[in-house]
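What follows is one structure encoded as structure tokens, with my remarks underneath.
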Amino acid sequence: MTLTIHIKKQLMLAIQSHTTALRIASLTYLLIPNFIFLATWLKPTLGLFFGIILLYVFWGESIREEIQIAIPTQQSAKVNPKTLIILALIALGLCLCFGIGEYRSQVIDWGANNFKIYDLVTHKWPVYYENVKAYCCYYWGYYLTTAVLGKVMGLAYCKYLILIWSWIGVFLILLWLLSLKNSLLIVVLFLLFNNANMVLLPIDLLDIPFFETCIKYVNVHLNGFNINFWSPMITSFQWVPQHLIPAGITTLFLMQPSEQKSYKADALIFMSTVLWSPLISIGLVPIMLAKLWATRQQVKLFQDFWKYVLIGIPFIPVALYLTANNTINNTTNVNQFIWNSSPYWLRGYLIFIMSNLLIWYGLLKPQLKAQNPFLIISLVSIALLALYRMGICNDLLFRGAIPASFALGVAIVTQLDKLRGENNKSKKYILWLSFFLYCSIPSVYRIYQGILPSQPTTTIESPFMPNSTNIMDFLDTQYEPNASEQYTLKKHSIFEEYLMKTNR
């Protein structure tokens, strides 16, 4: 009885602590698809084995430690209920603006997203496609929760399910942003933050011959592919919520100061992102390194070495599954270093560095002097990711840079807020705020477009365009021939031979 009362008290303290509750909610949200994958893609005995280990490291190690840490921090600032309602409405508004829930048109990539959910609901798992004679291999984290509920409730409910699922994810990101300074202004500024491509607009309009080789439509282009990273929220959420949501939650989770004495929760949330997006996991590695550096004196990494090994075990099936993709070793002309694709690569690369990273030096100088590890390593990460082109849309930079651009965005908006606190009428503050808002014009415009009424091109119930019956057809017709290969599992791979449940 005494033990039960003690546990209840600890749970109540954890709930009352905003940060602890947010950490637990974030871990739970990102891990749910991993539990679904283990239960449905693997052979039953293996799924049960890995599922039990995942449950143990989730509850027995990470959550228990989070609850214990909440005790000395029970006096942490409480969040105003009115503020929570405002954040919830902002999160819902963003989802509706960009077509999630099918209340308005969506960007072209949602044609593929709708097909993914449709195929998951209408096919047995693991999904097998007769037209390509292969199992599907894709990072399903964003879609599995909607799909498993859709199998129970029906396909017609999926548009509401994906809306609710996305809403929760964006709401968690906004809560993490609020936790930076308990300021709605910080949240709003971050939502508006965009890359600094707008500084290229005057150069683009002047048609200067030297720059025409690599600046087109206010972007740096090298032989047709873009080397500018997207903004951390608006553009990324509109195009790739499956990448944006895990990147935002995990980056802000790792950047948040805490009373942790280990990296168990950090390791667990990092591993959970692999099923959501391997590219985001790559982009999170620098953020993890920054966290290790920032807390190197308070946490003994090797003290719980075997527990970290245990945390990694339930994610082995996911790693084996995704590395069995048929294009993992594909070195076509779209997977190469940028100096192999354009004679003007150095010119374009320097323009990219100057216009997107160095342009913020005057504002971020105090944080650089203070050696903010998250800012420094993020700037290095973005610069390095831009050197390698992966995929026809340069996916490594566009997706992999999202965690680093989150850290950059946080540094910029918090520094702006600091300047405002010092003197909101100073010339320095007004100039930097004006520049920030100028760069944010594309974000504002995208929101404006999202508010205008329109109709969805495709839906989850009817994603069949153009002349497509499944995601494989859609990829081959909408993107390029044989594009569907990137969604297929290698025949006789370790995952297929030893781990995967067969439905044939």
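Quick notes on this structure:
- Relative to one another, the C-alpha centroids of region 277-322 and region 142-215 are positioned 25 Å apart.
- In nm, spacing of pseudo-spin labels at residue 124 and residue 320 (7 Å Cα→C-beta vector): 2.1
- Cβ-defined net charge surrounding residue 230, 15 Å radius [Lys, Arg +1; Asp, Glu -1]: 0
- Ligands, DNA and RNA aside, residue 291 has an accessible area near 10 Å² when probed at 1.4 Å.
- Computed about its Cα centre, the charge dipole of the chain is approximately 1380 debye, with only Lys, Arg, Asp and Glu carrying charge at their Cβ.
- Student exercise, region 386-477 dipole from Lys, Arg, Asp, Glu Cβ charges, in Debye to nearest 20: 760
- Estimated inter-spin distance, residue 28 and residue 293, nm [label 7 Å along Cα→Cβ]: 3.5
- Ligands, DNA and RNA excluded, the heavy atoms of residue 281 present near 10 Å² of accessible surface to a 1.4 Å solvent probe.
- Residues residue 79 and residue 341, FRET efficiency given R0 of 56 Å [Cβ-Cβ distance, rounded to 0.05]: 0.70
- Of the residues 472, 465, ranked by 1.4 Å probe accessible area with the largest first, the sequence reads 465, 472.
- Rounded to the nearest 500, the helix-only mean residue ellipticity at 222 nm of the chain stands at -18500 deg cm²/dmol, with each DSSP H run of n ≥ 4 adding -39,500 (n - 2.57).
- Note on region 260-401: lysine pairs with Cα distance below 15 Å, sequence gap of 8 or more or different chains, count 7.
- Relative contact order, percent, the chain [alpha-carbon distance under 8 Å, six or more residues apart]: 25
- Estimated FRET transfer efficiency when R0 is 45 angstrom, pair residue 469-residue 449 (beta carbons, to 0.05): 0.90
- Sites residue 261 and residue 203 - FRET efficiency at Förster radius 35 Å, r taken between beta-carbons, to 0.05: 0.10
- Residue by residue, region 431-439 carries 3J(HN,Hα) couplings of 5, 5, 5, 5, 5, 4, 5, 4, 5 Hz when phi is fed to the Karplus relation 6.51 cos²θ - 1.76 cosθ + 1.60 (θ = phi - 60°); x denotes Gly or Pro.
- Semi-axes of the equivalent ellipsoid for the chain, Cα gyration tensor, largest first, Å: 33, 32, 22
- Summing charges over all other residues whose Cβ lies under 15 Å from the Cβ of residue 27, with Lys and Arg as +1 and Asp and Glu as -1, gives -1.
- For residue 137, the residues whose amide H sits under 5 Å from its own are 488, 489, ignoring neighbours fewer than 5 places away on the same chain, with H placed 1.01 Å from N.
- Computed accessible area, residue 380, all protein chains, 1.4 angstrom probe, square angstrom: 80
- The largest accessible area among 152, 199 belongs to the first residue in 152, 199, and the rest follow in falling order (1.4 Å probe, all chains).
- Protein accessible area in the chain, 1.4 Å probe - carbon and sulfur %: 65
- Normalised contact order of region 176-246, rounded percent, pairs of Cα under 8 Å and 6 or more residues apart: 26
- Listed residues 153, 288 arranged by accessible area, highest first, probe 1.4 Å: 153, 288
- Here the 3J(HN,Hα) profile of region 493-499, calculated from phi with Karplus coefficients 6.51, -1.76 and 1.60 at θ = phi - 60°, is 6, 4, 5, 5, 6, 10, 10 Hz, Gly and Pro shown as x.
The values are calculated or read from the model by the stated rules, or taken from the named source; none is laboratory data. None of these values were measured; they are calculated from a predicted model. Here the Cβ is made from the backbone with ideal geometry for all residues, glycine too, and neighbour counts use every protein chain on show. We work out accessible area using only protein heavy atoms, side chains counted, and drop any ligands, DNA or RNA first. Shrake-Rupley method; radii C 1.70, N 1.55, O 1.52, S 1.80 Å.
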